[in-house]
Amino acid sequence: MSEPQGTGATSAPGTVMEQSPPPVEQGAAGGTGGHRRFWSARRVPAALLALVILVIAGAFLYDIAAVRADRNAMQWRRELARQLAERPLDDTWVLTGAGLATALGLWLLLLALTPGLRSLLPMRRTHPDVRAGLHRDAAAMVLRDRAMEVAGVRTVRVRVTRSRADVRAVSHFRELDDVQADLDAVLDDAVRGLGLARPPTLSLRVRRPGRKGR
């Protein structure tokens, strides 16, 4: 994450907290706003790009310094200069190199302009100086544990995204309508209890076990 910068802390498994400046905007009900997503620091792409630039710049500087010291330029730089001077702009290799450079540039722009950290869901702010986030896997685990408390539920699979919580349950006794009603009530309460800034929409399906107990 780019925003914590050493100030973040983990208060519970799957929960990330960080200190941040007080938000300017206020919610409609007088609550604190600023429920933006967490931004990734992009440390690996930044380090790789810096390393590539350092190697290329170092090679050119070394060769230029060697030429200034009355030594011959390296073969690779002479060949590169010749190729750039002789190849037309519509040459296949020139177009390929330009395409790769464009793709790399677009990828870097995409990384710079998008938050990343899609697995971290922003939570409601209860203090203006602290932001908290909940990992999707932790949210799914909470919902799964709550669903397993309902009588008649045998197994539960939960998948949480930024906007949805898909719950698939298998019931081996009780009427399916009764189990579904109980799960609806329990999971609605569990979703609210997650404290997310944008609670996901609940999608629930209950079925009987298939053949061979599946």
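Just to confirm the filter: which trypsin sites (Lys or Arg not before Pro) across the stretch 92-153 are DSSP coil and have at most 13 other Cβ within 10 angstrom of their Cβ?
Hits after loop and neighbour filter: Arg118.
Please give the direction-averaged projected area of the C-alpha convex hull for the stretch 98-214, in square nanometres with one decimal.
So the mean shadow area of the Cα hull is 10.8 nm².
Which cross-chain or sequence-distant (5 or more) residues have an amide H under 5 Å from the amide H of Ala165, H modelled 1.01 Å from N in plane?
The answer is Thr201, Leu202, Ser203.
Using θ = phi - 60° and the Karplus curve 6.51 cos²θ - 1.76 cosθ + 1.60, what whole-Hz ³J(HN,Hα) does each residue of the stretch 140-157 get, with Gly and Pro shown as x?
5, 5, 4, 5, 5, 5, 5, 5, 5, 6, 6, 5, x, 7, 9, 9, 9, 10
Can you give me the accessible area per residue for the stretch 42-113, using a 1.4 Å probe, in Å²?
On a per-residue basis, 83 Å².
Could you pull out every residue, at least 5 positions away or on a different chain, whose amide H is within less than 5 Å of the one on Met123? Hs are placed 1.01 Å off N in the peptide plane, and Pro or chain starts have none.
When sequence neighbours closer than 5 places are left aside, the close amide H contacts are Ala132, Gly133, Leu134, Ala197.
For the stretch 136-204, what's the relative contact order in percent, using C-alpha pairs closer than 8 Å and at least 6 residues apart?
Relative contact order of the stretch 136-204: 35 percent.
Based on the alpha-carbon gyration tensor of the stretch 136-204, what equivalent-ellipsoid semi-axes (square roots of 5 times the eigenvalues) come out, in whole Å, largest first?
20, 11, 10
For the stretch 42-113, just list the percent of Cα-Cα distances falling in each 5 Å bin from zero outward, please.
Percent of pairs per bin, in order: 3, 13, 14, 18, 18, 16, 12, 5, 1, 0.
Which whole number of Å³ per residue matches the convex hull of the alpha-carbon atoms in the stretch 75-166?
In the stretch 75-166, the Cα convex hull volume per residue is 227 Å³.
Whose amide H sits under 5 Å from the amide H of Ala41, counting only residues 5 or more places off or on another chain, with H placed in the peptide plane?
So Ala41 has HN proximity to Ser2.
The values are calculated or read from the model by the stated rules, or taken from the named source; none is laboratory data. The shown structure was predicted, so the numbers you read here are calculated from the model rather than taken from an experiment. Reconstructed Cβ throughout: ideal geometry from the backbone, glycine too, with neighbour counts over all protein chains shown. Side chains are part of the model used for accessible areas, which takes the heavy atoms of the whole protein and leaves out ligands, DNA and RNA. Shrake-Rupley method; radii C 1.70, N 1.55, O 1.52, S 1.80 Å.
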